[in-house]
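Let me begin by handing over the structure; questions about it come next.
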Amino acid sequence: MSYYSREVRRQMILETAVSIAYQEGLSAMTVRRIAQEAQTAIGQIHHHFSSAGELRSEAFKLSVEQALNLLTDVGKKENASCLEMLSWCLFIEDHEEAHKYSKLWKEAEVISFHDENMRDAFRLVTRQWHTAIVDLLEKGALNNEFTYDRPKELIAWNFIAYSHGLDGIFSLGIEGFGHQEYKESTESFIRSQIVMVK
């Protein structure tokens, strides 16, 4: 790796870690592998991160930040409604990227049970997910797409709980509960929490 400032080098290491995690999972994110992919010395990684756990949790946080930014960017580019963007937030779309991200989320949750760094990261990104949903609910109401009669913060937690649980069931591959059933169930749940204006 050429000479870069401390922050640029740290960011490059994180970006490499996110790329590995996104393609192969958090468990594939070893310090040696990241050093090899980033073309830097292992010592450089230890210089920027106190432990592999810290690096893993920071990479997970960055992956969520990138996903939420992508959601916003794609929503603007496609002029998507808030209802469509809520669906995207709840993993309704049957895209390879959504499946990879869902797997990454589940793996991070398991790691969070025994790794304090990941537990802190998981709390933070769940709050970010919640904030993104609250913002979409607020914007959708302001745009007269839909209304709601309960606090938007509570509705957002209901969406997260529903999505988190249903996604776990979907990932089991149970016969009779495929992507179409997942999509229909989630769309129905979204509409049970809000009232469409049109």
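The values are calculated or read from the model by the stated rules, or taken from the named source; none is laboratory data. For clarity, every value in this text was computed on a predicted model and none was experimentally measured. Cβ sites come from the backbone with ideal geometry, for glycine too, and all protein chains shown count toward neighbours. The protein model used for the area step is the full one, side chains on, heavy atoms only, and it has no ligands, DNA or RNA in it. Shrake-Rupley method; radii C 1.70, N 1.55, O 1.52, S 1.80 Å.
Hey, could you check region 1-20 for residues that are of a type in the set (A, V, I, L, M, F, W, C), open to solvent by 60 Å² or more (accessible area, probe 1.4 Å) and in a helix (DSSP H, G or I) and say which is nearest to ALA98 (Cα to Cα)? So that I can check it myself, show each step before the final result.
Restricting attention to region 1-20, the residues satisfying the condition of being of a type in the set (A, V, I, L, M, F, W, C) are 1, 8, 12-14, 17-18, 20.
Restricting the remaining residues to those that are open to solvent by 60 Å² or more (accessible area, probe 1.4 Å) gives 1, 8, 12.
Narrowing further to those that are in a helix (DSSP H, G or I): 8, 12.
Values: VAL8: 28, MET12: 24 Å.
If we take residues in region 1-20 being of a type in the set (A, V, I, L, M, F, W, C), open to solvent by 60 Å² or more (accessible area, probe 1.4 Å) and in a helix (DSSP H, G or I), then MET12 is nearest to ALA98 (Cα to Cα).
Checking the conditions here, which among ALA80, ALA108 is in a helix (DSSP H, G or I) and small (Gly, Ala, Ser)? Walk me through it before giving the result.
Working: ALA80 fails: in a helix (DSSP H, G or I).
Answer to the check: ALA108.
Can you tell me how many residues within region 21-60 are within 18 Å of the chain's Cα centre (by Cα) and surrounded by 21 or more Cβ atoms within 10 Å (Cβ to Cβ)?
Count: 8.
All but one of (1) open to solvent by less than 80 Å² (accessible area, probe 1.4 Å); (2) under 30 Å from GLU145 (Cα atoms) hold for LEU70; state the number of the condition that does not hold.
So the condition that LEU70 fails would be (1).
Show the residue pairs that are 6+ apart or on different chains and have beta-carbon atoms under 6 Å apart, the first residue being within region 125-152 and modelled with pLDDT of 95 or more, the second being part of a loop (DSSP other than H, G, I, E, B) and crowded, with 18+ Cβ neighbours inside 10 Å.
That search, which allows pairs on different chains as well, returns PHE146/ILE194; TYR148/ILE194.
Give the residue that is surrounded by the most Cβ atoms within 10 Å (Cβ to Cβ), with candidates limited to residues of region 99-123 that are within 11 Å of the chain's Cα centre (by Cα) and hydrophobic (A, V, I, L, M, F, W, C).
Across region 99-123, the extreme among qualifying residues is ALA108.
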